[in-house]
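Participant: Here it is: the structure, laid out below.
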2 protein chains.
Amino acid sequence: MSRDEPPADEFALIERIRTRATASDRVALGIGDDAAVVRVSGGNAVVAADLVAEGTHFTLEARPGCGPPATPELVGRKALAVNLSDLAAMASRPTAAFVTLAVRRGLGGDFADRVMLGMQALAAEFDVAIAGGDTAVVDGPVVISVTLLGEPTLPDGRVVMRSGARPNDVLFVTGPLGGSLASGRHLTFTPRVAWAIDAASRCEIHAMLDVSDGLFADLDHLCRASGVGAEVDRDKVPLNSDAGAFDEAVRDGEDFELLLAAPPASADALRHAGAIEIGRVVEVGRDARPSAEGYRHGFGSR
Amino acid sequence: MSRDEPPADEFALIERIRTRATASDRVALGIGDDAAVVRVSGGNAVVAADLVAEGTHFTLEARPGCGPPATPELVGRKALAVNLSDLAAMASRPTAAFVTLAVRRGLGGDFADRVMLGMQALAAEFDVAIAGGDTAVVDGPVVISVTLLGEPTLPDGRVVMRSGARPNDVLFVTGPLGGSLASGRHLTFTPRVAWAIDAASRCEIHAMLDVSDGLFADLDHLCRASGVGAEVDRDKVPLNSDAGAFDEAVRDGEDFELLLAAPPASADALRHAGAIEIGRVVEVGRDARPSAEGYRHGFGSR
């Protein structure tokens, strides 16, 4: 229970965050009290909570095989961006973020300041208010946790879940995959919030999630949640030019593109919006093994 | 970017949390998708976000001067309890919690499980749903962050803030202070949620916060936010029997009792409800130094 770094530092940081916080009509009471008050229209709050940890989701020092080191600003940016990506996957509009920041001892108050500056810049781009949070100094890796509140954009307060895929749906991704960590794209990607809200307003989308664990791991999640199988045409899966071989690129993860299943009637509109068709949803019970022609995925059949 | 502990562990933990999650009519979509959907009645969500870190807010090994070590269950309990205490201070009713858990490498999956069991037991007592979260393994201290959503209980979606104290208000605390860390009470306290909601429904309360930084540090927060001063009668401040000397007991912090300012007309009802009068709110500009009779507090005058 070391209290050797004075709490005054924490209060000073909170005061600086508050000073820089952009006004938002969605935050009735912001940083500075025991809790914040966030206005929620329509009765449903959509809430994502993801952490990023030094050594797992970013590194501050150059290390072989770890891709480029992050600046403090990019660390703050990523901590918010991964949550924005989660809300994109629900076709929901982010509104207010809550941030807790465990700072490695010795990095200094400047580090926390720069993390928050990077986060606030991205928050401003997405019209998100940073409405509350907490900090501590720890003898170990930096851990930043963001809880992001948003609101549904579909009628009746609906969201797009993972569990709505049906046989004959077309599978799409919103962009190329692979090599995100090695290239540093995991620090600089643009969460697909605007794309998802626009697409969901114009086309029926049965299921959607963001590709954070790798295409096939996330397709596995979608199939299990929906009780369906999937067939992917590996020749159609778009890869980044700096990505490794196919099998590696679809396992890298941290792409933060969206993976979606939509009925054939939506397919043309989604293609027109830039989505790339990669396969099809099938009934469970068919052959679940990868084949030479592609990758046949039969989850949900177990 | 070590990914040496398989993500399967994370998925398994999330699955176990989901299995144990209690059903709640406030959570329209719970753990397992990219985000959760929480029903918010009345249009206002009250949101607190506090972290607890190993070495700062708890210790897992016996160390001189650190009080009793915590079990994993008590760590999970405390991570939620400090946030419940924040919502109590707003006279708000907690509904749904989001948890991110950075687990020190080597503690094993059993540790995370036991943390969540301890948290879920307290969540069940307070009718709170654990509705989402995230985990990672780190080479350093355990860091648990909880974001707690709740709803106002006062008419028109109002909450009790820190900033409403006025001269002549009576200052109260809800229980004895001091020695919380040394005794281990910081791990086992009962957040004053029920007391606060009941008291605020029956009496006018101008300002309230929970005593986490120590009585005078938190009184300082209340005075600055309200633009007032305060006079505390040190003989009236209730101390725990195992607390140290007065000056130490009021600086220990982590008491998680409530400190409140209420108009004289509310005083009898609050006394009847068990609150203990400790002083009075005064106008700013009076002598701000401690005096022999008591502790005269003149913040806001700077």
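Participant: Has the range B:69-84 got at least one residue that is within 20 Å of B:VAL193 (Cα to Cα), facing another protein chain (nearest Cβ under 10 Å) and more than 18 Å from the chain's Cα centre (by Cα)?
Facilitator: Taking the range B:69-84 as the starting set, the residues that turn out to be within 20 Å of B:VAL193 (Cα to Cα) are B:74-84.
When the remaining residues are screened for being facing another protein chain (nearest Cβ under 10 Å), the result is B:82-83.
If we keep only those that are more than 18 Å from the chain's Cα centre (by Cα) too, we end up with none.
There is no residue in the range B:69-84 that is within 20 Å of B:VAL193 (Cα to Cα), facing another protein chain (nearest Cβ under 10 Å) and more than 18 Å from the chain's Cα centre (by Cα).
Participant: To continue, here is another question. So which residues in the range B:222-248 are closer than 28 Å to B:THR153 by Cβ, assigned to a helix (DSSP H, G or I) and touching a strand residue (DSSP E or B) at 6+ places or on another chain (Cβ under 6 Å), if there are any at all?
Facilitator: Listed by number, the residues that qualify are B:LEU222, B:CYS223, B:SER226.
Participant: Counting only residues that are surrounded by fewer than 22 Cβ atoms within 10 Å (Cβ to Cβ) and hydrophobic (A, V, I, L, M, F, W, C), how many does the range A:45-73 have?
Facilitator: Residues meeting the conditions: 3.
Participant: Can you run down the residue pairs with Cβ atoms below 9 Å, 6 or more apart or on separate chains, where the first is in the range A:118-142 and over 20 Å from B:SER145 (Cα atoms) and buried (at least 24 other Cβ atoms within 10 Å of the Cβ) and the partner is of a type in the set (Gly, Ala, Ser) and modelled with pLDDT of 90 or more?
Facilitator: A:ALA123/A:ALA97; A:ALA123/A:ALA129; A:VAL128/A:ALA96; A:VAL128/A:ALA97; A:VAL128/A:GLY150
Participant: Residues B:ALA36, B:ALA49, B:ALA53, B:ALA62: which one is more than 7 Å from chain A (Cβ to nearest Cβ), on the phi < 0 side of the Ramachandran plot and among the aliphatic types (A, V, I, L, M)?
Facilitator: Working: B:ALA36 fails: more than 7 Å from chain A (Cβ to nearest Cβ); B:ALA49 fails: more than 7 Å from chain A (Cβ to nearest Cβ); B:ALA53 fails: more than 7 Å from chain A (Cβ to nearest Cβ).
The match here is B:ALA62.
Participant: Restricting the search to the range A:153-190, which residues are under 16 Å from the mean Cα position of the chain (by Cα) and within 10 Å of another protein chain (Cβ to nearest Cβ)?
Facilitator: Of everything in the range A:153-190, those that are under 16 Å from the mean Cα position of the chain (by Cα) and within 10 Å of another protein chain (Cβ to nearest Cβ) turn out to be A:VAL159, A:VAL160, A:MET161, A:ARG162, A:LEU181, A:HIS186.
The values are calculated or read from the model by the stated rules, or taken from the named source; none is laboratory data. All values derive from a computational prediction rather than experimental measurement. For neighbour counting, all protein chains shown are included, and Cβ atoms are generated from backbone atoms with ideal geometry for every residue, glycine included.
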